[in-house]
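Just so it is clear, none of the values below were taken in a lab; they were calculated from the coordinates. Bear in mind that the values here come from a model prediction, so they are computed numbers and not experimental data. A quick note on method: Cβ atoms are made from the backbone with ideal geometry, for glycine too, and the neighbour counts reach across all protein chains shown.
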Amino acid sequence: MNKSLFFKLGAIGLLIVVLLVLLGQIDGLVHERQTLRDQVVQDIARSSSYNQHINGPLVIVPYKKTVREWKTHPKTDARYMEESEVAGELRFLPELFKLNGTVQTELRARGIYQARLYHANNKIAGHFDLPAQWGIKENFADYRFGIPFLALGISDIRGIENALTLSVNDQSVKFQPGSRTSLLGDGVHAPLPLAGGDSVNRVEFAFELRLQGTGQLDITPVGRETQVTLTSDWPHPSFIGEYLPVEREITAQGFTARWQTSFFSTNLEEALQRCNGQERCEEYGDRHFGVGLVDPVDQYLKSDRAIKYALMFIALTFAGFFLFEVLKRLAVHPVQYGLVGLAMAVFYLLLLSLSEHIGFALAYAVSASACVLLIGFYISAVLHSLLRGLGFGAGLAALYAMLYTLLSAEDYALLMGSILIFALLGAVMILTRNVNWFGLAKAPAAD
């Protein structure tokens, strides 16, 4: 080499630092575009409906109770009884809760951004076994009960797509707006033609709920026995919540999942009893399961992950140049290193901008092909050989192909990346095993 080996290595290191600063700016642009996309998705959800949470049904029995309390007159010390009236509600969970849902997905676009909505057609059925005299064992005469009703919590009522009708003990009752209980929040309710008799009152119910939502569907397993089955055309489900499906099948055409719980696993009945008299109850509301319809690795996440491998790519490319200098005695100027590094950095900018319009896979193919052709053409002149330029371009193309495989993998990306780095390091060590590094600084470079 004409100059000191250490000067060349120092110049290459400085170039890598400058390129990393540039890549940091591109990575910031990726996060900025991702934030903008997320804002658009929220705007679309705000205009349609957010994530949906089905909570219920419950049977609610409003009541007023006469309370008698002995008090002492402050002046005469005379004892007297004071009567007051308190209001409350009795809450009953179903013995059996069954939901069979079919979830169809839909894309909504605003500009270049898209949001994934779903339409869930849910068939809900089951039964209640309501206790005699509403479970009141003492002072039953002190209670005055209102009309009992079936309440269903729906987190975003804007997503209801059908006129809800409840079938209860072979009778049809129209649902009305509002759940009428703070425990469930927003939702609907239907009055029930029931009375608290001296025996257990069995209530069979069924209704159909068509619901639109964005991204996620949650269900509270309210039944003493809960059976939920969801079928969808989305092939990338993310099962969420406190309970995983007992059975699931995922294919390229969609998924089918089945959940089954009982009061033994959910402890929901005891949680509801501890919530007695409370308007809000996190202990009850936190028990749920469901599915998220998300892209496993979206374009921005893939671009961000690609940039994380940029240092390895640039280092390997510069190492290839350096190997040509060492093995073939060809001088490569630091400016030539820098131009090739800039071309590799521009690849990530092309990838980000194109993926917003034509999808990540096609954008990756176009960006990688453009960079490989440009760098291969330039290298053929730098290395004074078309054959060497083609070979270098072929190696770079293979690296881009390996990177795409890494980006597409979800569970094995780290393993594959580690093996790739180890294999490339091994190749460099084998190629340079006979190099006399002490003599490189004194050896003249070939013209």
Practice problem: Starting from the range 72-112, pick out the GluC sites (Glu not before Pro) whose DSSP state is loop and whose Cβ has at most 16 other Cβ atoms within 10 Å. | Solution: Glu95
Exercise. Show me 72-79, 242-249, 358-365 ranked by packing, highest mean number of other Cβ atoms within 10 Å first.
Key: 358-365, 242-249, 72-79
Exercise. Give me Thr105, Thr35 ranked fewest to most by other Cβ atoms within 10 Å of their Cβ, as a rough exposure proxy.
Key: Thr35, Thr105
Quiz prompt | Helix-only CD estimate at 222 nm, as mean residue ellipticity for the chain, using -39500 (n - 2.57) per DSSP H run (n ≥ 4) | solution = -13500 deg cm²/dmol
Exercise. Towards the positive end of the charge dipole of the range 104-184, with charges on Cβ (+1 Lys, Arg; -1 Asp, Glu), say which of Tyr143, Leu184, Ala163 has the farthest Cα.
Key: Ala163
Quiz item: So which trypsin sites (Lys or Arg not before Pro) in the range 104-190 pass both tests, a DSSP loop state and at most 15 other Cβ atoms within 10 Å of the Cβ?
Solution: Lys137
Practice problem: Take Glu208, Glu69 and order them by how many other Cβ atoms sit within 10 Å, fewest up front. | Solution: Glu69, Glu208
Quiz item: Given the convex hull of the Cα atoms of the range 57-293, what is a quarter of its surface area in nm²?
Solution: 17.1 nm²
Quiz item: Between Thr76 and Asn139, what length comes free when the chain is fully extended (0.36 nm per residue of separation minus the Cα-Cα distance, one decimal in nm)?
Solution: 19.6 nm
Quiz prompt | Candidate values (1) 219; (2) 171; (3) 196, label of the one derived for volume of the Cα convex hull per residue in Å³ | solution = (1)
Practice problem: Compute the length gained on full extension between Thr66 and Ala361: take 0.36 nm times their separation in residues and subtract their Cα-Cα distance, giving the result in nm to one decimal. | Solution: 99.2 nm
Quiz item: Kyte-Doolittle mean at least 0.0 and Cα extent at least 15 Å along the axis: which DSSP H helices of the chain qualify?
Solution: 5-47, 310-328, 334-358, 360-382, 386-408, 413-431
Exercise. List the GluC sites (Glu not before Pro) within the range 107-207 that fall in a DSSP loop (any state other than H, G, I, E or B) and whose Cβ has at most 10 other Cβ atoms within 10 Å.
Key: Glu138
Practice problem: May I ask for the distance between the Cα centers of the range 84-147 and the range 23-41, given as a whole number of Å? | Solution: 40 Å
Exercise. Mind counting lysine pairs for me in the range 57-293? Cα separation below 24 Å, and the two need to be 8 or more apart along the chain or on different chains.
Key: 5
